[in-house]
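Undergrad: This is the structure I have questions about; it appears just below.
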Amino acid sequence: DPLPTRVPSRSGQIVVTGQDSRLISNDDTFTVGGGGAASGIRGTFTVQHGGAAELNGEFVVGNELFDVGVVTVTNQHSSLRVIGDVELGKKGEGNLTVSAGGELAVYGEVKEGAEKGAPITSDGDTFTGAGTQVDIHGEWQIGVAVGRGAPIRPGAPIEVDGALTLGVEDGGIGNLTVQGQDTTLTEAAGNEEVVIGQGGVGILRVAQDA
């Protein structure tokens, strides 16, 4: 049966846990934290302890004003694969954590702080821990229309196949921090650009043995 893409009440959660657990969604849009209006819905989506999830469509986290979406991929062999574009903090608050050996692969664009009105977050993303892997096969935009931060912490390699842009539009603030031993940020597409401050403000920090 098709998976519901809207949390039907004020709060709701989806947990994919254990090595034989698998979730597949073929919906056009999979939403965590969001209704059809500014309703203050909080949704959580967790993949842990070797579980796997595959979303074949757009993935929206924090859809409307006052909505909160929290996505966590954690523990070794846990994976989230998105075949489509990702919006973290569309108009609401969208938080993403990949840690402790979790894996995230996105085959599409990733936009953070996508629309004006979304809350400003300094740690909207957290990528950390030995064995953690994040691959973005498309453009990565941080701080499209509002302020947005993405710290990459010890042990987390990030690879981007498209352009990386920090601070996209007027009012957008993109803050990317790479820190700690064995932490890497790789722009894998040789013909793509890294743009720091396109129409907004971009900040890139590399520190502490990264």
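Undergrad: When the residues of region 31-51 are narrowed to those that are at pLDDT 95 or above and not β-branched (Val, Ile, Thr), which ends up surrounded by the most Cβ atoms within 10 Å (Cβ to Cβ)?
TA: Result: Phe45.
Undergrad: Kindly check whether there is at least one residue in region 59-67 that is closer than 21 Å to Val134 by Cβ and open to solvent by 30 Å² or more (accessible area, probe 1.4 Å).
TA: Within region 59-67, not a single residue is closer than 21 Å to Val134 by Cβ and open to solvent by 30 Å² or more (accessible area, probe 1.4 Å).
Undergrad: Filter region 89-123 down to residues that are aliphatic (A, V, I, L, M) and at pLDDT 95 or above and give me whichever is farthest from the chain's Cα centre (by Cα).
TA: Ala100
Undergrad: Here is a follow-up. Give the residues of region 2-22 that are hydrophobic (A, V, I, L, M, F, W, C) and either over 23 Å from Gly102 (Cα atoms) or modelled with pLDDT under 75 (or both), sorted by residue number.
TA: Leu3, Val7
Undergrad: Something else: Which one of these is polar (S, T, N, Q) and closer than 26 Å to Gly129 by Cβ: Thr31, Thr46?
TA: Exactly one residue qualifies, and that residue is Thr46.
Undergrad: Return the total of residues in region 93-142 being assigned to a loop (DSSP other than H, G, I, E, B) and under 17 Å from Arg153 (Cα atoms).
TA: So the answer is 10.
Undergrad: Within region 191-210, restricting attention to residues that are among the β-branched types (Val, Ile, Thr) and open to solvent by 80 Å² or more (accessible area, probe 1.4 Å), which residue is modelled with the highest pLDDT?
TA: Ile196
Undergrad: Is there any pair with a first residue in region 196-207 that is over 8 Å from Gly167 (Cα atoms) and a second that is of a type in the set (A, V, I, L, M) and assigned to a loop (DSSP other than H, G, I, E, B) whose Cβ atoms are under 8 Å apart and which are 6 or more apart or on different chains, and what are they?
TA: Short answer, once both residue conditions are applied: none.
The values are calculated or read from the model by the stated rules, or taken from the named source; none is laboratory data. These numbers come from a predicted model, not from an experiment. Quick reminder, even Gly has a Cβ in these numbers, built from the backbone with ideal geometry, and neighbours come from all protein chains shown. Note: accessible area is taken over every heavy atom of the protein model, side chains too, but ligands, DNA and RNA are not part of it. Shrake-Rupley method; radii C 1.70, N 1.55, O 1.52, S 1.80 Å.
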